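Quick note: the coordinates plus some simple rules give every number you see, no bench work behind them. What you are looking at is a predicted structure, and each value in this text was computed from that prediction instead of being measured. Positions of Cβ are generated from backbone atoms using ideal geometry, with glycine treated the same way; all protein chains shown enter the neighbour counts.
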Amino acid sequence: MEKLKVQKAAAQALSILKGNLNNYTYKFPGSNSEHLFYPETENTEWTTGFCTGTYWLAYELTAEGSFRSAAEVQVESFYNRIKQKIDVDHHDMGFLYTPSCVAAYQITGNKRAKEAAILAADQLISRFQVKGEFLQAWGEPGAEDNYRLIIDCLLNLPLLYWASRVTGDGKYRDAAVRHTKTSIQNLVREDNSTYHTYFLIRGPESRYGGLRLRDIRMILPGREGRPGEYMARHWHGGIQKMKPAENCSAK
């Protein structure tokens, strides 16, 4: 019965994706719907990689060339985006380049996709704050009004683990591991729910620069960070006993 449900759901998803190809090949779905439909946009903002990723999943399920062709068109767009540094000054490089370009390289061996994904990993670690040991989410790196990390960023880290694996350079993995540890220390509450963002103030008093400020915004307990912590454990065996992820799962 469960297998039939999965097959039915997959068939429905594939039908929707095939219907989307006319609108979302040279354009992308916008980040927000308008009257229950997603407007066509250029490759900007932080959600466009998910569209390409669904096409790669559809291609893997069906081997239909139409899905691969659409995904490859979009991968070229991602290559141009990172080369020209279009809307990439934020922490969402993993959301953008893992489902699009990493997937393209893994499935087809596309070397331009590999190059784009490595450049995206370089862009992401350019936001790493050495003193605080975290990837700054938004804003000018080091700016006091944006000196903070965000729970969502844990889901961007597989891009860094992948980059270390294919390049042999441990700097990507090191940044990911340190960011994960800082996130666990500062974003998980005592009741195992999580903060959305966590502000830090720099200064001479401590590694973090003195007082730490917690944003009052909240998300459902552990929902966004939990998969990221599990992925960190999967990609980097050095992170032992990921108890916070298990505790958040139990909420």
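How far is it, in nm, from the label point at LYS181 to the one at GLU115 when both lie 7 Å from their Cα along the line to the Cβ?
3.6 nm
Lysine pairs in region 1-126 8 or more apart or on different chains: how many have alpha carbons under 18 angstrom apart?
Step by step, the pairs that qualify in region 1-126 add up to 5.
Could you list the trypsin sites (Lys or Arg not before Pro) in region 1-97 that lie in coil according to DSSP, counting only those with at most 13 other Cβ atoms within 10 Å of their Cβ?
When the trypsin sites (Lys or Arg not before Pro) of region 1-97 are filtered for loop state and at most 13 Cβ neighbours within 10 Å, LYS85 remain.
Write down the Å³ per residue value for the convex hull defined by the alpha carbon atoms of region 41-88.
Residue-normalised Cα hull volume stands at 63 Å³.
Compute the signed sum of charges (Lys and Arg +1, Asp and Glu -1) over the other residues within less than 11 Å, Cβ to Cβ, of GLU42.
Net local charge, GLU42 excluded: -1.
So what J values fall out for region 162-176 if you push phi through Karplus, 6.51 cos²θ - 1.76 cosθ + 1.60 with θ = phi - 60°, rounded to Hz, Gly and Pro as x?
4, 4, 5, 5, 7, 9, x, 9, x, 5, 5, 4, 4, 4, 5
Compute the length gained on full extension between LEU61 and LYS85: take 0.36 nm times their separation in residues and subtract their Cα-Cα distance, giving the result in nm to one decimal.
That works out to 5.4 nm of additional length.
Would you kindly state how much longer the chain becomes between ILE201 and TRP138 on full extension, computed as 0.36 nm times their sequence separation minus their alpha carbon distance, in nm to one decimal?
The span from ILE201 to TRP138 would gain 21.1 nm if fully extended.
Run the numbers for PHE37 and GLN12: contour at 0.36 nm per residue of separation, minus the present Cα-Cα distance, in nm.
7.3 nm
So what are the three principal axis dimensions of region 1-126 from its Cα atoms, in whole Å, longest to shortest?
Ordered largest first, region 1-126 gives principal extents of 48, 37, 25 Å.
Quick check: net charge around SER66, other residues with Cβ under 15 Å of its Cβ, Lys/Arg +1 and Asp/Glu -1?
-1
With a bin width of 10 angstrom, please list the P(r) values of region 84-169 as percents of all Cα-Cα pairs, from the 0 bin to the one holding the largest distance.
So the P(r) values, bin by bin, are 18, 50, 26, 6, 0.
Going by C-beta contacts inside 10 Å, put HIS196, HIS179 in order with the fewest on the left.
HIS196, HIS179
Arranged from highest to lowest average of other beta-carbon atoms within 10 Å per residue, in what order do the peptides 124-131, 136-143, 170-177, 101-108 appear?
101-108, 170-177, 124-131, 136-143
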